[in-house]
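To keep things clear, I will list the structure first and then write my remarks on it.
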């Protein structure tokens, strides 16, 4: 009958073997096993192919979502809920990439280790939309952030470029036209030619909130890109919008005005 070593003998054998390997210099670069850490998003968050905001957007995570951080690694410094240059690797909606820890609350990160430089294999960036063509929600938000990140000044008469150099009017409806990659800057009166009414409960990031149609011309109407509810109560929501002052991300209260009481969806939204 084979004799099974006792626990102490097993530990002695393992320790001896480990010491022998270490003395040969073979453990210096061996990766350590790390545990994942649970985090909670403090704002709508984009999963990116790399650790900076210039890399491809893979998918979006709503505010307040629980996510599993697999590891973390230094990257672009972001000033958000927290100031952090660390990015966590996550898998969400079947996409694996990185999110800035500036918008992730992690109650216990003690077991979270550094990401291997060899993983994950970046998911290829989806093709960009064509003018007036189908467009993914992630791209609508990405295009909106292009103006928000530059704080484009508001004007009902001036124009500026989108990421591809196409010119759009720098008011609220011009901003939405730009984000949807339309061929022209529509107004709050004419946007219903391209969007249709949906229920509040159907809203998803990349949809639109505003008062549109007859009687909303000039300063009588306002429209914005919906960017997720602030909580499951669905009483307030995040926006990307061009509003008097400059393009910015805001929090609006549902039903507080006519322009925060109606939901719309672009007819060619792709996902």
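Quick note: the coordinates plus some simple rules give every number you see, no bench work behind them. Computed from a predicted model, the values in this text were never measured in an experiment. As a convention, Cβ positions derive from the backbone with ideal geometry for all residues, glycine included, and neighbour counts pool all protein chains shown.
If eta is 1.306 mPa s and T is 10 °C, what Stokes-Einstein diffusion coefficient results for the range 109-242, Kirkwood Rh from Cα pairs, in µm²/s? Walk me through the intermediate numbers first.
Values: Rh = 16.4 Å.
It diffuses with D of about 97 µm²/s by this estimate.
What's the extension gain from residue 82 to residue 251 if we count 0.36 nm per residue and subtract their Cα-Cα distance? Write down the numbers at each step before the final one.
Numbers: separation 169, 0.36 × 169 = 60.84 nm, distance 1.81 nm.
Full extension of this stretch gives 59.0 nm more.
Calculate the spin-label point distance for residue 42 paired with residue 108, positioning each point 7 Å from the Cα along the beta-carbon direction, and give it in nanometres.
The modelled label-to-label distance comes out at 2.1 nm.
Could you calculate the contour length gain from residue 128 to residue 35, that is, 0.36 nm times the residue separation minus the distance between their Cα atoms, to one decimal place in nm?
29.9 nm
Take residue 200, project a point 7 Å from its Cα along the Cβ direction, then tell me which residues of the range 240-267 have their backbone nitrogen under 15 Å from it.
Label zone hits: 252-264.
What number results when the radius of gyration of the range 31-98, computed over Cα atoms, is divided by 2.2 N^0.38 Å? The partial results should precede the final answer.
Numbers: Rg = 11.5 Å, N = 68, 2.2 N^0.38 = 10.9 Å.
This ratio for the range 31-98 stands at 1.05.
Which of rounded, prolate or oblate describes the range 195-256 when judged by the alpha-carbon gyration tensor and an a/c cut-off of 1.5? Display every interim value, and only then the final one.
On the way: a/c = 1.91, a/b = 1.27, b/c = 1.50.
Taking the square roots of the gyration eigenvalues as a ≥ b ≥ c, the range 195-256 is oblate.
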